[in-house]
Amino acid sequence: MGKKVLIISTSPREGSNSELLASEFAKGAAQAGHKVEQISLRGKDIKFCKGCFVCQKTQRCVIRDDADLIEQKMEKADVLVFATPIYYYGMSGQMKTMLDRGNPLYTTEYAFRDVYLICSAAENEDHVWERARSGLEGWIECFPKAKLAGCVFGGDVTEVNTVIGNPAMEKAYEMGRNI
Ligand SMILES: Cc1cc2nc3c(=O)[nH]c(=O)nc-3n(C[C@H](O)[C@H](O)[C@H](O)COP(=O)(O)O)c2cc1C
């Protein structure tokens with residue numbers, strides 16, 4: 001039976017490069033027989049974590065918004081994929097907010113074991129996305145049954161849709177196919 005794959009795309013832009021890469025990953029994973037759900041945070045109601053820790057007792061966030069629903073999907077997925085634009089050499093604020101809102105997961109029997117990172121940036125050197133990877137690794141460190149299983153970086157892409165034809169598209173597809 002295929003794995004349950006949840007892809008969370010965090011760019012606010014239509015035609016987002018990181019989202020296009022995520023869609024290639026999704027195609028590859030679906031082709032390989034996995035059950036894929038791709039969600040965009042664009043237009044979603046996502047509030048900041050309040051830091052109240054109620055979720056550590058109840059396994060559910062007190063804030064009833066879209067992040068609460070996405071967090072429940074995260075708990076059940078076998079594979080999590082985060083797609084982000086690089087903002088100031090790090091992950092997007094939207095992605096960081098979603099990771100923080102994943103705090104209820106900490107005391108659950110979360111299913112995810114493999115976590116992937118997809119990102120895009122205007123520049124094309126590895127140091128551009130290292131902090132995004134390191135930030136996600138910090139989150140994963142709190143979930144000892146999970147690991148960072150792979151990353152795809154599309155560099156040299158500033159305007160929307162410019163990642164089309166970039167070698168990272170093929171890499172994203174192959175990564176999805178081989179989860
Ligand atoms: C607020 C902001 C900060 C950015 N910071 C960087 C950066 O530090 N390095 C870089 O190479 N590109 C940077 N960019 C460019 C984006 O990473 C690039 O346009 C990327 O393809 C956007 O991904 P998206 O199409 O998925 O939104 C920045 C863009 C914005 C809007």
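Things worth noting here:
- Centroid-to-centroid, using Cα positions, segment 63-90 and segment 1-30 are 12 Å apart.
- Summing +1 for each Lys or Arg and -1 for each Asp or Glu among the other residues whose beta-carbon sits under 13 angstrom from that of M98 gives 0.
- Annotation: amide H of D114 within the under-5 Å range of L80, K147, sequence separation 5 or more or interchain, hydrogens built in the peptide plane.
- Cβ crowding within 10 Å ranks H34, H127 as H127, H34, fewest other Cβ atoms first.
- Taking a Cβ cut-off of under 15 Å around Y173, the surrounding Lys, Arg, Asp and Glu residues balance to a net charge of -1, with basic ones at +1 and acidic ones at -1.
- Between 0 and 90°, nearest 10: helix 17-31 axis offset from the chain longest Cα axis: 80
- Each 10 Å bin from 0 upward holds the following percent of the Cα-Cα pairs of segment 1-94: 15, 41, 33, 10, 0.
- Cα-based equivalent ellipsoid, segment 4-177: semi-axes from gyration tensor eigenvalues, Å: 26, 17, 14
- One chain, two ends: C52 and T108. Fully extended at 0.36 nm per residue, the span grows by 18.4 nm beyond their Cα-Cα distance.
- For S9, the amide hydrogen comes within under 5 Å of the amide hydrogens of I39, S40, L41, A83, counting only partners 5 or more places away or on other chains and with H modelled in the peptide plane.
Rule-based calculations on the coordinates, nothing more; no lab input. Only a predicted model underlies this, so the values are computations on that prediction, with no experimental measurement involved. Positions of Cβ are backbone-derived with ideal geometry, glycine not excepted, and every protein chain shown enters the neighbour counts.
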